Amino acid sequence: MKHLLLYSGVAAVLLAVNHIVVNQIPALQKIPRSKWLSAAGGISVAYIFIHVLPELQEWQKEFLHQEGSFLKHHMYLIALGGLAVFYGLERAAKLAGPSERGDETEPKYSSNPTLFWLHIGFFAVYNLLIGCLLYHRDSYKLAELALFTVAMLFHFAVNDHGLHDHYEQRYRSRGRWILSVAVLAGWLIGVLTDLSEFGIAIMFAFIGGGTILNTLKEELPEERKSNYWAFLAGITGYTVLLLSIA
């Protein structure tokens with residue numbers, strides 16, 4: 001237990017610091033999209049499909065056995081809900097109005113402060129859940145914690161890039177700090193609370209759906225000029241790693 005407290009705490013600090021520093025790396029702030037960001041997206045997606053979705057299937061079987069057939073596919077519905085929530089936020093950011101930059105080579109997003117706080121609020125909850133899961137996983141071994149942390153480090157880099165692209169100075173001055181604190185707060189909540197296995201499964205399912213959407217929305221738009229081969233390399237490399245450790 002002491003080792004889990006220490007290692008999960010280190011992981012939470014790494015994820016928090018990642019939010020603060022990742023957008024200070026010049027190589028990531030460019031179009032065509034950095035190969036590193038495309039590879040990071042591939043790593044995030046590989047973790048969800050190879051590790052998270054099979055785990056959701058196991059939880060689904062267990063909860064069906066315990067609770068009968070009510071809401072048969074509830075784990076997958078929660079994952080779908082996570083995807084739908086973040087897709088809705090993305091659409092709202094694009095439709096609320098153009099940014100003030102006037103740069104035709106960049107996607108135009110709203111500088112609406114209300115939308116900014118809504119967007120950051122949902123991502124803060126998202127980070128809170130991830131921070132909580134750093135500690136609240138009975139099945140965690142050090143290797144599994146490391147794999148989850150690495151996948152989330154790359155995933156946070158993708159999220160940061162998208163949020164910075166949406167809100168620029170507002171995100172640099174406020175948003176990234178809020179998301180950093182949210183990870184640490186989530187970890188602390190995880191340490192201080194005793195969550196049921198069902199509650200942990202719900203959080204993991206929601207994060208799974210959100211991760212898929214938040215990664216693909218950054219890779220698919222044409223204006224990003226993403227690097228498919230880097231994305232594929234990220235998927236392939238992390239899949240091989242996950243399967244070799246499993």
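Answer yes if at least one residue in the range 137-146 is surrounded by 17 or more Cβ atoms within 10 Å (Cβ to Cβ) and either in contact with a Leu (Cβ under 6 Å, 6 or more places away or on another chain) or modelled with pLDDT under 85 (or both), and no otherwise. Within the range 137-146, one or more residues are surrounded by 17 or more Cβ atoms within 10 Å (Cβ to Cβ) and either in contact with a Leu (Cβ under 6 Å, 6 or more places away or on another chain) or modelled with pLDDT under 85 (or both). In the range 150-186, the residue that is surrounded by the fewest Cβ atoms within 10 Å (Cβ to Cβ) out of those that are touching a Ser or Thr at 6+ places or on another chain (Cβ under 9 Å) and closer than 22 Å to residue 59 by Cβ is 151.
Checking the conditions here, which among 172, 176 is among the basic types (Lys, Arg), in a helix (DSSP H, G or I) and within 17 Å of the chain's Cα centre (by Cα)?
Numbers: 172 fails: within 17 Å of the chain's Cα centre (by Cα).
The unique qualifying residue is 176.
Being in a helix (DSSP H, G or I) and within 14 Å of residue 12 (Cα to Cα), is that true of even one residue in the range 191-199? Looking for residues that are in a helix (DSSP H, G or I) and within 14 Å of residue 12 (Cα to Cα), one finds at least one in the range 191-199, hence yes.
Identify the residue in the range 98-116 that is out of contact with any Pro (no Cβ under 8 Å at 6 or more places or on another chain) and surrounded by 15 or more Cβ atoms within 10 Å (Cβ to Cβ) and, among all such residues, is modelled with the highest pLDDT.
Keep residues of the range 98-116 that are out of contact with any Pro (no Cβ under 8 Å at 6 or more places or on another chain), which gives 98-106, 111-116.
Next, from what is left, pick out any that are surrounded by 15 or more Cβ atoms within 10 Å (Cβ to Cβ): 99, 111-112, 115-116.
Details: 99: 47, 111: 61, 112: 72, 115: 83, 116: 87.
By that ranking, first place goes to 116.
Among the listed residues 127, 159, which satisfies the condition of being modelled with pLDDT of 90 or more and within 18 Å of residue 52 (Cβ to Cβ)? On inspection, the qualifying residue turns out to be 127. The set of residues in the range 23-78 being crowded, with 17+ Cβ neighbours inside 10 Å, modelled with pLDDT under 75 and assigned to a helix (DSSP H, G or I) consists of 23, 28, 63.
The values are calculated or read from the model by the stated rules, or taken from the named source; none is laboratory data. On a predicted model such as this, the values are computed, not experimentally measured, just so you know. Because the Cβ atoms are built from the backbone with ideal geometry, glycine has one as well, and the counts that use them run over all protein chains shown.
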